[in-house]
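Data block below; observations after.
The values are calculated or read from the model by the stated rules, or taken from the named source; none is laboratory data. In this text the structure is predicted, and so the values were computed from the model without any measurement. Because the Cβ atoms are built from the backbone with ideal geometry, glycine has one as well, and the counts that use them run over all protein chains shown.
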């Protein structure tokens, strides 16, 4: 919550049967206000799990909002899960979500309106809303149902096929470069943000007074504050 700072981390409740599996580790992380659907420490946690020898790391975002696409800049394969009956056709036309998917999944396919959700996604993909850089990969739409234990094997197969496609086309190297470039920029942003928060106290009063008097724009005020704190190059 951006108001109280509290969070409900329900992973261990929903996946309690995995607690006794020595090959599975679940780490819940609150976003603490971070945008994009991922916590700031998510990729560092992935690094630790990778170093610990986990072959497969699954990152679950906080939801399926239109702007929560940061995971596509962090993962080799992005799976977007949609549930039927959550809204009208616009639910399937969220371009940001549609474009980041390497694999689309329609969960709860035992529900009667699941076929419509599947058809909507396939129609949107047919209209060419997928990213052009992924044109060599035909994005599948996989129906699944945990109640009927259906589609799980097909989903795993689709993920494996996408990984094979990345290796065969050489795109895996490109994605790794893009991921590392993004991580570098994000790390720089976070360092600047932390320095700003630590050092701003006692130095913004005069600037706020000028802002209230409309003698200064917020952008110019921020430049002056950063220059005063010796953070970054504001030229």
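Does at least one position in the range 114-126 carry a residue that is outside the structural domain of residue 41 (by TED's automatic domain parsing) and either modelled with pLDDT of 90 or more or closer than 30 Å to residue 41 by Cα (or both)? For the range 114-126, residues outside the structural domain of residue 41 (by TED's automatic domain parsing) and either modelled with pLDDT of 90 or more or closer than 30 Å to residue 41 by Cα (or both): absent.
For the residues 223, 181, 189, the requirement of being part of a helix (DSSP H, G or I) and over 22 Å from residue 70 (Cβ atoms) singles out 223.
Yes/no matrix, rows are residues, columns are (1) surrounded by fewer than 13 Cβ atoms within 10 Å (Cβ to Cβ); (2) at pLDDT below 90; (3) touching a helix residue (DSSP H, G or I) at 6+ places or on another chain (Cβ under 7 Å); (4) not in a helix (DSSP H, G or I):
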site	(1), (2), (3), (4)
172	no, no, yes, no
193	yes, yes, no, no
201	yes, yes, no, yes
211	no, no, yes, no
227	no, yes, no, no
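Considering only the range 178-189, I want to know if a residue exists there that is touching a helix residue (DSSP H, G or I) at 6+ places or on another chain (Cβ under 9 Å), modelled with pLDDT under 85, surrounded by 11 or more Cβ atoms within 10 Å (Cβ to Cβ) and farther than 26 Å from residue 101 by Cβ. No, the range 178-189 contains no residue that is touching a helix residue (DSSP H, G or I) at 6+ places or on another chain (Cβ under 9 Å), modelled with pLDDT under 85, surrounded by 11 or more Cβ atoms within 10 Å (Cβ to Cβ) and farther than 26 Å from residue 101 by Cβ.
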